[in-house]
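As structure tokens, the structure follows; a few thoughts come after it.
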Amino acid sequence: MKSEKEPILDKKMAILFIVLFGVISLFADMNYEGGRSVVGQYLKLLGTSAFALGLAAGLGEFVGYALRFVSGSIADKTRKYWLLIILGYTIGLTSLPMMAFFSGWQLAIIFLFLERVGKAIRKPAVDAVLSFASKQTGSGFGFGLHEAMDQLGAFLGPALFSLLLFTTKNGESLAGYRKGLLLLFIPAGIAVGTAIVARFLFPHPQKFELKTVRSVLGTTGYSREYWIIVAAAALLAMGITDFPLIGLHLKKTNGFVEEAIPLLYAGAMAVDAAAAIVFGFLYDRFGLKALLGLFVVEVFTAPLIFMGNIPLILAGMVLWGISVGTQESILRAAIGDWVDESVRGRAYGLFHTVFGFFWFVGSAIIGVFYDLWGALPLVIFSVITQLGALVLFSMLLVYRKKNQGAGK
């Protein structure tokens, strides 16, 4: 509104804005990453199968990602960024705690979908406003700093959940899991409350965007680089193994004490946070070349986790954490750098929709392979898709090098 006081949106204020969003994401991640670290085991106790879990996780991701194109388009057209952000956080962060109230896995899974829907509503708007502020700090630094704070919460949530399971009598029972899920309402309330405060401090975050030369756009409104990044990321998504299936595998093979599985996830989130900062700086210095690391590490992640002994599983989870950190930092930064401000919400939404569709297809295939034939076919499928993503992204780097050599 016109009566609202607008702060001077310089670099210092941009850093403050990113840090404030980092605080929101810290508590949000305590909520949903704490829940995600145990949802595989919890649903297993409720009677689900690996196929049902893989299908539910994949379909939930797809629905959540598919809706992002719609919410991104709404964000671009209405500029109601804060409405979408606050509504999305409210829906998403109350969903996983609600799973504690149900004894049937079919009903509990509904809230997996609602959590993804909430994230779909807010995610393009969050990415867009962060990209506006990050133009004043460096895209890699801005998204890297936010992701590092985000992952502090992603570390604390599973770590505290694991501590609860270890210290509670019969913590691995349904009652122990339900107690932990209900406690997730606390960080949910803090995150939503902080988002409301941020809305009044920075009512028009799009004004952070520095006026620069308009992006080179393709015939459909996006650059060729944007489309190649989207295509490579789609293949990457198809071969990703989500943590609920990893947790189910570790529980099934008895390689880890059940109560330690959330702690393993927490460790991966700590790696994620460090990777986001490191790769953020590398991206600001080397550009798209820094993103190559994401595609390289994913080739080795599934083989180490599903075929290795405990030391190799730990190494695989380190790579898994690096992958998540680069996906959530410099991959998002790259999208924002290759589209114009006026269509950025839609561009993020489209990217997430494509990513989610291929994640859904890949998760369903991976779940069937694991249920019918075990880990080996899963690993082969993952490696083939990740190699395809690596080759496609490498072609983009070659294309960019040729253009730069030609002075384009």
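The values are calculated or read from the model by the stated rules, or taken from the named source; none is laboratory data. Since this is a predicted model, take the numbers as computed values, not measurements. Cβ placement follows ideal geometry from the backbone for every residue including glycine, while neighbour counts extend to all protein chains displayed.
Taking the conditions exactly as written (at pLDDT 85 or above, over 19 Å from Gly35 (Cβ atoms) and either out of contact with any Lys or Arg (no Cβ under 7 Å at 6 or more places or on another chain) or surrounded by fewer than 23 Cβ atoms within 10 Å (Cβ to Cβ) (or both)), does Ala233 satisfy them or not?
So Ala233 fits the description; yes.
Please verify whether Leu9 is surrounded by fewer than 24 Cβ atoms within 10 Å (Cβ to Cβ), modelled with pLDDT under 80, under 15 Å from Leu112 (Cα atoms) and of a type outside the set (Val, Ile, Thr), treating the condition exactly as stated.
no
Of the residues Leu16, Leu55, Leu87, only one is touching a Ser or Thr at 6+ places or on another chain (Cβ under 9 Å), in a helix (DSSP H, G or I) and surrounded by fewer than 24 Cβ atoms within 10 Å (Cβ to Cβ); which?
Leu55 is the lone residue from the list that is touching a Ser or Thr at 6+ places or on another chain (Cβ under 9 Å), in a helix (DSSP H, G or I) and surrounded by fewer than 24 Cβ atoms within 10 Å (Cβ to Cβ).
Taking region 11-51, which residues are under 19 Å from Gln206 (Cα atoms) and of a type in the set (D, E, K, R)?
Result: Lys11, Lys12.
In region 236-263, which residue that is surrounded by fewer than 17 Cβ atoms within 10 Å (Cβ to Cβ) and small (Gly, Ala, Ser) is nearest to Ile380 (Cα to Cα)?
So the residue we want is Gly255.
Condition first: out of contact with any Leu (no Cβ under 7 Å at 6 or more places or on another chain), part of a helix (DSSP H, G or I) and hydrophobic (A, V, I, L, M, F, W, C). Now tell me which residues in region 90-108 satisfy that.
Residues satisfying the conditions are Leu93, Met98, Phe101, Leu107.
Take the residues in region 127-156 that are of a type in the set (D, E, K, R) and under 16 Å from the mean Cα position of the chain (by Cα), then tell me which one is farthest from Ile277 (Cα to Cα).
Taking the candidates together, the pick is Asp127.
Working only within region 85-119, note down all residues that are among the hydroxyl-bearing types (Ser, Thr, Tyr) and at pLDDT below 90.
Within region 85-119, just Ser103 meets the criteria.
This table checks each residue for (1) touching a Leu at 6+ places or on another chain (Cβ under 8 Å); (2) surrounded by 24 or more Cβ atoms within 10 Å (Cβ to Cβ).
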position: Ala28; (1), (2): yes, yes
position: Val63; (1), (2): no, no
position: Phe69; (1), (2): yes, no
position: Lys77; (1), (2): no, no
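Residue-wise test of (1) free of Cβ contacts under 8 Å to residues at least 24 places away in the same chain; (2) within 26 Å of the chain's Cα centre (by Cα); (3) under 28 Å from Ser103 (Cβ atoms); (4) surrounded by fewer than 16 Cβ atoms within 10 Å (Cβ to Cβ).
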| residue | (1), (2), (3), (4) |
| --- | --- |
| Gly176 | yes, no, yes, no |
| Gly180 | no, yes, yes, no |
| Leu184 | no, yes, yes, no |
| Ile190 | no, yes, no, no |
| Ala195 | no, yes, no, no |
| Ala198 | no, yes, no, no |
| Pro205 | no, yes, no, no |
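Sort out for me the helices (runs of 4 or more DSSP H) sitting completely within region 264-369 that have 2 or more residues that are at pLDDT below 90 and buried (at least 23 other Cβ atoms within 10 Å of the Cβ).
Because the criterion is at least 2 residues that are at pLDDT below 90 and buried (at least 23 other Cβ atoms within 10 Å of the Cβ), the helices (runs of 4 or more DSSP H) in region 264-369 that meet it are 310-326, 332-337.
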